[in-house]
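Contents: one structure, followed by commentary.
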Amino acid sequence: MPDTNSPRPVPAALLATLRSIVGDRGLLTAPSDTAAYAEDWRRLYRGRTDAVIRPASTREAAEVVRACAEAGVAVVPQGGNTSMVGGAVPAEDGSELVLSLARMNRVRDLDPVDLTLTIEAGVTLKAAQDAAAAQGCLLPLSIGSEGTAQIGGILATNAGGNNTVRYGNARDLVLGLEVVLPDGRIWNGLRRLRKDNTGYCLRQLFVGAEGTLGVITAAVLKLFPQPVEVEVALCAVPSPEAALDLFTRFQRHDAASIQAFEYMSGAGMDLVLRHIDNARLPLAQTAAHYALIELATPRPQAGLRATMESLLAQAMEDGIVDDAVLAENTSQRAAIWHLREEHSEAQKRAGASVKNDVSVPVSRVPELIRRAGAACTALMPGIRVVPFGHMGDGNIHFNLAQPEGMDAAAFLARDHDIMDTVGEVVRDLDGSFSAEHGIGKLKPYMMPDWRGGAELELMRAIKHAVDPRNLMNPGKIFP
Ligand code: MLT
Ligand code: ZN
């Protein structure tokens, strides 16, 4: 995006103070070092910043935020910078500083009896999963960017992902939080209690606030026993309705064993097979629609394989599954998940795309896929409709890839038209315009329409009470 604002440099005295707090290792000021922190993963927004501050402890983070507050300089908290909505990019005028949590990457405690993980914000989700697995536990949060995304950002955006159908979103996994408030005070709410009714639930205020109320520096997360039986199947299905029917059958049989139930369109799978290395379809032929099912249980000899086989055999007999393959080992499991997880990357390589991270009641997912697809094709003939995602929780990434050969910028210039076209269908189906990616810089313009009136007024009142000078991640969430 072009920089139209005149530069507003950060006072040199503040940078000197910050250096005295975090040391040379903790402060990046060379444009070649800071550039990557000023642009989002999708390359939709390019900001500018005079410095990236990288504290190594909560105390340092608090001193940094206090110094910035005293100087009246805004702070943009940043984790792995994998936001889909530009949630962690600084402004274009250079007036904001990026606060990277990457050096706060310690696992502070893991209790396999309490089933809790106390962890700092800069630990990647993958490292957190591995720490849990090393103690025979499961951290049941899984997203495509887990190797890069960090716990702080995951919580600040209330990430969802593949396991929401069973364990809920990031918010459902948080027992405690440690937060640096906009004035530099530290709120230590790192409790690991399963019951704690003591007035307003403050931790849930910061989860999903996208860094607009404070900086999450550590958290206590819920763990679960590690599954010992896991089964993964990839199915070719004749329609989105058939995929939903299949989900319902698994749910009625044993809802508690469904670890993930994902939908993919034929168009999305084709892009993966075309653009992603090592992507190979383990079915005899391509299909118009696919379902990926993962079952898991910590119960030994639970017979998940037999469950999977018998439900799929019946589904084939009933014509709701055309073909299916079951993974025989962990590498086949990973190969099937690779086809699902590389959808975003494949779309990126296929050119410009407009993402609609939307949710509807699970029962209405097929109608969403049909109606929104028809509406987008009517809006722009040739547009490639690539819906995929978390069918089991009703969150579909209703993404649209540019028509082949169209100019990318011309396509992106129509982004609001496309988003509004999908949004109309979503609204009609009682859904949400923002399921798991958050609002960031991309969607604030939609807030008055979707969350206006008392809801937005209440959010503004909370923001004003906690961050009256608007120094925490300005320009995000609020229009
Ligand atoms: C995913 O589930 O892969 C991401 O949230 C999706 C996206 O690219 O929209
Ligand atoms: Zn997703």
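Looking only at residues that are of a type in the set (D, E, K, R) and farther than 14 Å from Gly94 by Cβ in region 22-47, which one is surrounded by the fewest Cβ atoms within 10 Å (Cβ to Cβ)? Steps first, please.
Step one: of region 22-47, the residues of a type in the set (D, E, K, R) are 24-25, 33, 39-40, 42-43, 46.
Imposing the further condition that a residue be farther than 14 Å from Gly94 by Cβ reduces the set to 24-25, 33, 40, 42-43.
Numbers: Asp24: 7, Arg25: 9, Asp33: 12, Asp40: 21, Arg42: 17, Arg43: 11.
Selected residue: Asp24.
Quickly run through region 441-467 and pick out the residues that are touching a residue at least 40 places away in the same chain (Cβ under 8 Å), assigned to a loop (DSSP other than H, G, I, E, B) and more than 22 Å from Arg42 (Cα to Cα).
Pass one, region 441-467, residues touching a residue at least 40 places away in the same chain (Cβ under 8 Å): 441-443, 462-463, 466-467.
Checking which are assigned to a loop (DSSP other than H, G, I, E, B) leaves us with 441-443, 467.
Across region 441-467, the qualifying residue is only Asp467.
Just one of Glu328, Glu342 is acidic (Asp, Glu) and away from ligand 1 (no atom under 16 Å from the Cβ); which is it? Show your work before the answer.
On the way: Glu342 fails: away from ligand 1 (no atom under 16 Å from the Cβ).
The conditions single out Glu328.
For region 436-452, what are the residues that are small (Gly, Ala, Ser) and more than 16 Å from ligand 2 (Cβ to nearest atom)? Please lay out each step first, then the result.
Going through region 436-452, the residues small (Gly, Ala, Ser) turn out to be 438, 440, 452.
Result: Gly452, single match.
Could you check, for region 236-258, whether at least one of its residues is part of a strand (DSSP E or B), surrounded by fewer than 19 Cβ atoms within 10 Å (Cβ to Cβ) and on the phi < 0 side of the Ramachandran plot? Explain how you work it out, then say what you get.
Within region 236-258, the first condition is being part of a strand (DSSP E or B), and the residues that meet it are 236-237, 258.
Okay, now just the ones that are also surrounded by fewer than 19 Cβ atoms within 10 Å (Cβ to Cβ), so none.
No, the conditions are met nowhere in region 236-258.
Being within 16 Å of ligand 1 (Cβ to nearest atom), out of contact with any helix residue (DSSP H, G or I) (no Cβ under 6 Å at 6 or more places or on another chain) and farther than 22 Å from Ala91 by Cβ is the filter here, so list the residues in region 420-469 that pass it.
Gly423, Val426, Gly431, Ser432, Ala435, Glu436
Quick check on my filter: what residues within region 302-317 are in contact with a helix residue (DSSP H, G or I) (Cβ under 8 Å, 6 or more places away or on another chain) and either of a type in the set (Gly, Ala, Ser) or closer than 21 Å to Gln285 by Cβ (or both)? Can you show your working first?
To start, the set of residues in region 302-317 that are in contact with a helix residue (DSSP H, G or I) (Cβ under 8 Å, 6 or more places away or on another chain) comprises 302, 304, 307, 311, 314-315.
Ala302, Ala315 - these are the residues of region 302-317 that are in contact with a helix residue (DSSP H, G or I) (Cβ under 8 Å, 6 or more places away or on another chain) and either of a type in the set (Gly, Ala, Ser) or closer than 21 Å to Gln285 by Cβ (or both).
Identify, by number, the condition in (1) more than 16 Å from ligand 2 (Cβ to nearest atom); (2) surrounded by fewer than 18 Cβ atoms within 10 Å (Cβ to Cβ) that Lys348 doesn't meet.
The number of the failed condition is (1).
Identify, please: which residue in region 345-361 is farther than 20 Å from Glu404 by Cβ and of a type in the set (S, T, N, Q) and is, among those, farthest from ligand 1 (Cβ to nearest atom)? Steps first, please.
Step one: filter region 345-361 for residues farther than 20 Å from Glu404 by Cβ, giving 356-361.
Imposing the further condition that a residue be of a type in the set (S, T, N, Q) reduces the set to 356, 359.
Details: Asn356: 8, Ser359: 12 Å.
Among residues in region 345-361 that are farther than 20 Å from Glu404 by Cβ and of a type in the set (S, T, N, Q), the one farthest from ligand 1 (Cβ to nearest atom) is Ser359.
Can you pull out every residue in region 401-435 that is aliphatic (A, V, I, L, M) and away from ligand 2 (no atom under 16 Å from the Cβ)?
Ala401, Met406, Ala408, Ala409, Ala410, Leu412, Ala413, Ile418, Met419, Val425, Leu429
Could you give me the residue pairs with C-beta distances under 7 Å whose first residue belongs to region 73-102 and is among the aliphatic types (A, V, I, L, M), whose second residue is modelled with pLDDT under 95 wherever it lies, and which are 6+ apart or on separate chains?
Val73/Val10; Met84/Arg42; Leu97/Val10
State all residues of region 321-338 that are touching a residue at least 12 places away in the same chain (Cβ under 8 Å) and out of contact with any Lys or Arg (no Cβ under 8 Å at 6 or more places or on another chain); if no residue qualifies, say none. Show your work before the answer.
Keep residues of region 321-338 that are touching a residue at least 12 places away in the same chain (Cβ under 8 Å), which gives 321-327, 332-333, 335-338.
Matches in region 321-338: Val321, Asp322, Asp323, Ala324, Val325, Gln332, Arg333, Ile336, Trp337, His338.
The values are calculated or read from the model by the stated rules, or taken from the named source; none is laboratory data. Model, not experiment: these values are computed from the prediction. With ideal geometry, Cβ positions are generated from the backbone for all residues, glycine too; neighbour counts draw on all protein chains shown.
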